[in-house]
Amino acid sequence: MVKKTKNLYNSYNLYSKFVNHFIVSGKKLVIEKIIGKVFFKLSKEFNLPVSFILLRFFKRLKTYVEIKKLKKGRRTFLVPIALKRHRRTFLPLSWLSEAILLNKARISFFDKLYLEMYKICSNQSCHTLYLLAKNNKQASKNRINLHFRW
């Protein structure tokens, strides 16, 4: 009998996190169909299985720091904080959903998600990668405030 291990980058685990992040009003089947179609189209486009596309997405948007606001006295400092494993998987999904919401084109959720995922996987410029760069830039800019973490 093969022992199952808990792996963060297990493709089923990532796929379920991906689906669960976009659920609205408990309509999981609707979101599963849309995301399944998106990944099927991407897998045909790149000739890769869905698990590799998921890994490419999460590896492309990998970050290890996040900026938190910390108030000391009357001043507010932006402090870079090291991320835990679960937060590292949540942030790319939240950046993706924010990019989809900010896309004002009159196209369906399927098309918006497909375009954003295609741009991420093919290393083209997109809003999600902009949010990643902005986060990393702020973290390096405010590294002077690291001593406020404690």
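The condition (being at pLDDT below 95, closer than 26 Å to residue 141 by Cβ and not charged (D, E, K, R)) is satisfied by just one residue among 52, 77: 77.
What number of residues within segment 71-95 satisfy the criterion of being closer than 22 Å to residue 128 by Cβ, surrounded by fewer than 15 Cβ atoms within 10 Å (Cβ to Cβ), of a type in the set (D, E, K, R) and in contact (Cβ under 8 Å) with a residue 24 or more places away in the chain? The number of residues fulfilling the criteria is 1. Residues that are of a type in the set (Ser, Thr, Tyr), exposed (fewer than 12 other Cβ atoms within 10 Å of the Cβ) and either without any contact (Cβ under 8 Å) to a residue 60 or more places away in the chain or touching a helix residue (DSSP H, G or I) at 6+ places or on another chain (Cβ under 7 Å) (or both): does segment 107-114 have at least one? Yes, segment 107-114 contains at least one residue that is of a type in the set (Ser, Thr, Tyr), exposed (fewer than 12 other Cβ atoms within 10 Å of the Cβ) and either without any contact (Cβ under 8 Å) to a residue 60 or more places away in the chain or touching a helix residue (DSSP H, G or I) at 6+ places or on another chain (Cβ under 7 Å) (or both). Being of a type outside the set (A, V, I, L, M, F, W, C), in a helix (DSSP H, G or I), without any contact (Cβ under 8 Å) to a residue 40 or more places away in the chain and in contact with a Ser or Thr (Cβ under 7 Å, 6 or more places away or on another chain) is a property that residue 98 lacks.
Checking 58, 148, 39, 46 one by one, the residue that is in contact with a Phe, Trp or Tyr (Cβ under 9 Å, 6 or more places away or on another chain), more than 22 Å from residue 17 (Cβ to Cβ) and aromatic (Phe, Trp, Tyr) is 148 and no other. If you check 57, 40 for being under 30 Å from residue 137 (Cα atoms), part of a helix (DSSP H, G or I), at pLDDT 85 or above and aromatic (Phe, Trp, Tyr), only one passes: 57.
Determine, yes or no, whether residue 68 is loosely packed, with under 15 Cβ neighbours inside 10 Å and in contact with a Lys or Arg (Cβ under 8 Å, 6 or more places away or on another chain). No, not satisfied. Pairs are defined by a Cβ separation below 9 Å, a sequence spacing of at least 6 or placement on different chains, a first member in segment 45-58 that is free of Cβ contacts under 8 Å to residues at least 40 places away in the same chain, and a second member that is surrounded by 18 or more Cβ atoms within 10 Å (Cβ to Cβ) and of a type in the set (A, V, I, L, M); the pairs so defined are 48/42; 50/42.
With 123, 47, 103 as the choices, which residue is surrounded by 14 or more Cβ atoms within 10 Å (Cβ to Cβ) and of a type in the set (S, T, N, Q)?
Details: 123 fails: surrounded by 14 or more Cβ atoms within 10 Å (Cβ to Cβ); 47 fails: surrounded by 14 or more Cβ atoms within 10 Å (Cβ to Cβ).
After applying the criteria, what remains is 103.
The values are calculated or read from the model by the stated rules, or taken from the named source; none is laboratory data. Note that the coordinates shown come from a computational prediction; the quantities given were computed from them, not determined experimentally. Virtual Cβ from ideal backbone geometry, glycine too; neighbours counted across all protein chains shown.
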